[in-house]
Structure formats: structure tokens, C-alpha cells
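Beneath this line is the structure, given in C-alpha cells, with notes to follow.
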Amino acid sequence: MPAVGDDALTADEWEEAKERRLAELEFIQSAYSPEEARVDGGTGDAGCCVVRLLQLQCDGDEAVKVELRIKMPTAYPVRENALLLIEGSLVSSPSNPQCMRRAGLEAVPQLVGSCQQTALETAEAQGGGEAVWSVLSRAEEWTSTEWASLLEEHSKSLACEQPKGADDTHRAIALGRRILYSHHIIANSKRRDIATLTSQYKLGGYMKIGWPGVILIEEEREEIPVGVDLDAYRMLPLKFEELGKDQMSLLASNCREAGLERMFLTCLQINDGRTVEGGAQNDGMQESDTETSIHAVLVLVDHMNDGKRYRKWLRKTCHAQGCTLMLKQFRLDNEANGRPVIYVGVFGDRDHVKQVMKLWRTSHVDVNSRNKQCLERMMVVAEEGAVQRLPRGEELDAESELECSLEELESLVSTIDAGWAQNLRTRHIPKR
């Protein structure tokens with residue numbers, strides 16, 4: 001039952017919190033196998049906990065195993081200040097080399113801190129709301145990016161502890177290159193942190209921001225003998241450069257010129273038989289070849305009783321998941337003063353779009369005729385699938401750009417998919 005006190009939940013809030021926690025737990029249980037994650041206290045009561053077992057891969061088949069515990073407080077997810085409580089522990093690690101255990105012990109607080117920051121940012125962006133999936137997604141991203149860097153640092157320190165041989169003065173000149181894929185790089189804080197790290201570790205290369213995000217770095221992998229001009233061996237710029245949201249083609253061109261096209265294509269999961277030697281196949285790579293498909297959902301919403309609050313929730317939720325939002329409404333000619341026809345578009349990584357839709361169906365986004373918070377039960381998914389581009393427009397979700405005509409919406413949707421635009425008039429405009 002709800003607690004007593006100044007910050008106590010009302011009976012309605014308590015029931016809502018329990019219902020939403022239970023829906024989130026059911027989603028997590030459906031998304032992971034029992035070996036990957038479990039739920040302690042699966043009834044949705046306060047204090048229930050999601051336990052995720054992460055395997056931080058080392059060389060070969062061995063892995064450092066870490067347990068991440070995500071606890072839901074009483075007021076989660078209906079109150080903004082009810083943050084998820086995240087703890088971590090080292091379960092096991094390879095005994096040899098010794099640096100593996102040290103790396104694992106160092107990884108746990110870094111992973112927990114990163115996940116806790118994600119929980120905070122999600123709560124601030126959404127004004128509360130479900131955040132477990134965002135935290136788990138961040139944990140997965142951390143294990144594939146930061147863990148690799150941490151492991152390499154410890155491996156280097158182990159190498160430095162080994163006795164030096166007579167041939168150390170004849171080391172070969174070596175520059176290492178890595179490419180990292182991110183479903184988005186948008187937040188200014190994230191971009192600043194990446195720039196700071198590349199400067200700190202003297203990394204050159206590129207960071208393409210927006211959706212998707214790509215980071216390409218070049219590093220010195222060995223100490224270079226005195227008198228050697230290292231710049232003569234570089235393939236990427238010495239100073240780390242940021243590329244804009246629409247400059248994927250420029251990054252592709254730079255990779256091709258540096259002889260790193262195969263690395264670039266592999267990062268974007270483009271495996272169409274192109275070779276890196278050049279020739280007709282290589283020279284014919286167009287801009288559309290370098291774009292990964294975007295998952296898109298176009299939703300027809302029957303009504304919004306509290307439109308301002310509803311749209312604010314959509315903006316915060318899509319922002320927290322790294323998705324692009326489109327909000328448009330128009331009125332039919334014979335109902336100029338009647339209820340508008342409302343369309344909502346969500347674009348981004350497939351898993352994150354699915355998460356937005358999951359939260360949309362399980363969150364109280366509107367109010368009913370009695371002005372009580374309610375779930376969305378009458379929306380219809382008009383279109384869904386992979387598209388090659390985002391809709392053209394600067395402020396797709398701005399209040400000032402909300403109102404439009406049917407013709408204007410058709411023109412906007414046609415920049416995504418011509419078939420969707422045709423269906424908009426012929427099938428998805430309701431007859432009233």
C-alpha cells in the first residue's frame with residue numbers, strides 16, 4: 001500500500017506505478033533468456049529488481065562476468081525523482097593473465113556509474129517514466145566500447161611489466177585504427193566527452209554525429225623510435241574532426257581514400273561483395289549505399305484530450321531513446337472546426353523505436369473525459385518498416401509547425417516513402 005508522508009503516493013499513483021513496473025518487468029522477461037537476465041520480485045511491488053548477467057569478452061572464449069542489479073523504488077516510474085538504483089559486482093574472471101581480474105574490478109564501478117547516469121538523464125528527459133531498457137541498452141553499449149578500451153589499457157600495462165628484450169629498439173612502426181558504431185551521437189555532453197578523450201589519448205580521426213553515429217580513430221600502438229616521421233604513415237588526420245549529421249558520404253569518401261573502405265562498410269553492416277582494390281564496383285558507391293536503413297513507424301492517433309502534455313511526453317520519450325519524432329495534424333475540408341487528424345512518426349534504430357512503442361502503449365500519456373490519466377488505446381499503426389532516409393524538415397516535432405494541410409503532410413511523407421504517401425490519402429484518412 002502507499003506510504004504516508006509529504007512525498008507519499010496517492011492510491012491512484014501507487015496502483016499506476018505498480019502496473020507500469022509490472023509491464024516493464026514482463027517486457028524484460030520476454031526480451032532476455034533466463035541465463036541473461038532474471039527478475040527478483042516479479043509482482044511489480046516496490047523494491048523489485050532486474051538482474052542482468054553481462055559477459056565482458058576477453059581474448060579467446062574467456063570472459064569477465066559481471067552482475068548488474070537494477071532496483072525499482074516505490075515511486076518509480078511515476079515520479080521524476082524516483083531514480084533506478086543500480087549496483088554491480090564481479091562474478092568471475094579468468095585467472096590468467098592477472099590483468100583480467102584487475103580490469104574486471106575496475107570495470108564494475110565504471111559500468112555502474114555510466115548506467116546510473118543514463119537512468120538520471122532518462123528521468124530528466126521524460127519527467128520520470130520507464131528507464132530500465134535505456135539502462136540495459138547503455139550497459140550493452142558500454143561492454144562493446146569502453147570495456148575494449150579498458151581491457152587494452154590493462155594489457156599494455158602488463159606488457160610494460162615484462163622484461164625488455166634485446167630487440168626492443170628495433171620495434172616496427174605501428175598505427176592502429178578502430179571504427180565504432182553508435183545508434184546515435186546527439187547530446188552535446190557526449191560529443192564533448194568524446195572530443196576530450198581523443199585529445200587526452202592523442203587520437204586522430206573522425207566522429208560523424210547524428211543518427212547513426214560513427215567514430216573512426218587512429219592511434220599509436222607502439223612507441224616510435226626517435227627521428228621517425230610518424231605523420232608519413234598516417235591515414236587519418238592527426239587532429240580529431242567532427243562531421244555533421246548529413247556528412248556520411250564525406251566519411252565514406254575519406255575512408256575510401258585512406259584505404260579503409262572495407263572497415264567502413266563492415267561497421268555499417270554492408271556486405272555486398274564490394275572490394276577495396278577499386279575498380280568499377282568501388283568507384284560506383286553512391287550516397288545511398290552508405291546509409292543504413294532506418295526503422296520507421298507512422299501512427300494515426302484518434303485524439304489527444306490534453307495535446308500539450310501528450311506531445312511533451314512523446315518528445316521526451318523519443319529523445320531519451322535517440323529517435324526522431326514527427327508530429328503533424330490537419331483538418332479535413334468538411335470539418336474545418338472539428339477534431340484534427342493526427343499523425344505521429346517515430347524514426348531510429350529498430351530496437352529503440354520498438355521501445356518507444358512499448359512505452360507508448362503502457363504509459364499514461366493522456367487524460368480521459370473525467371480528466372484522469374489514461375493509456376492510449378485507440379492509436380493505429382498506419383505504416384511500419386525500414387526506410388532509407390528521415391523526413392525532410394528542420395522542426396518535425398515543433399509546436400509552431402504542428403498544423404498543416406493534407407497535401408503538405410503527403411509531400412512530407414513522400415520524402416520517406418512514396419507508397420506511404422499514396423496510402424495516406426487512399427487508405428488511412430478516415431471517412432467521417
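The values are calculated or read from the model by the stated rules, or taken from the named source; none is laboratory data. Remember, it's a predicted structure, so these values are computed and weren't measured experimentally. Cβ atoms come from the backbone with ideal geometry, glycine included; neighbour counts cover every protein chain shown. The accessibility values were calculated without ligands, DNA or RNA, using every heavy atom of the protein model including side chains. Shrake-Rupley method; radii C 1.70, N 1.55, O 1.52, S 1.80 Å.
Tallying residues that are modelled with pLDDT under 85 and not hydrophobic (A, V, I, L, M, F, W, C) within segment 122-142 yields 6.
Within segment 15-36, residues that are on the phi < 0 side of the Ramachandran plot and surrounded by 15 or more Cβ atoms within 10 Å (Cβ to Cβ) have Cβ atoms under 9 Å from residues that are among the aliphatic types (A, V, I, L, M) and modelled with pLDDT under 85 in these pairs: Glu16/Leu9; Ala17/Leu9; Ala17/Ala46; Lys18/Ala46; Arg21/Ala46, counting only partners at least 6 apart in sequence or on another chain. Residues in segment 323-362 that are small (Gly, Ala, Ser) and crowded, with 23+ Cβ neighbours inside 10 Å: Gly345, Gly348.
Residue count for segment 226-248 satisfying the condition of being open to solvent by less than 90 Å² (accessible area, probe 1.4 Å) and at pLDDT below 60: 2. Residues of segment 391-421 that are acidic (Asp, Glu) and part of a loop (DSSP other than H, G, I, E, B): Glu394, Glu395, Asp397, Asp417. Can you spot a residue in segment 415-426 that is over 24 Å from the mean Cα position of the chain (by Cα), open to solvent by 90 Å² or more (accessible area, probe 1.4 Å) and at pLDDT below 85? Yes, some residue in segment 415-426 is over 24 Å from the mean Cα position of the chain (by Cα), open to solvent by 90 Å² or more (accessible area, probe 1.4 Å) and at pLDDT below 85. Residues of segment 341-353 that are modelled with pLDDT of 90 or more and more than 13 Å from Met379 (Cα to Cα): Val346, Phe347, Val353. For Ala63, the conditions (1) modelled with pLDDT under 85; (2) open to solvent by 30 Å² or more (accessible area, probe 1.4 Å) all hold with the exception of (2). The one condition from (1) aliphatic (A, V, I, L, M); (2) modelled with pLDDT of 85 or more; (3) in contact with a helix residue (DSSP H, G or I) (Cβ under 7 Å, 6 or more places away or on another chain) that Ala296 does not meet is (3). When Gly47 is tested against (1) open to solvent by 30 Å² or more (accessible area, probe 1.4 Å); (2) modelled with pLDDT of 85 or more, only condition (2) is not met. Of all residues assigned to segment 369-379, none qualifies as being of a type in the set (Ser, Thr, Tyr) and either touching an Asp or Glu at 6+ places or on another chain (Cβ under 8 Å) or surrounded by 15 or more Cβ atoms within 10 Å (Cβ to Cβ) (or both). For segment 99-118, filtered to residues that are at pLDDT 85 or above and buried (at least 21 other Cβ atoms within 10 Å of the Cβ), the residue that is farthest from the chain's Cα centre (by Cα) is Ala107.
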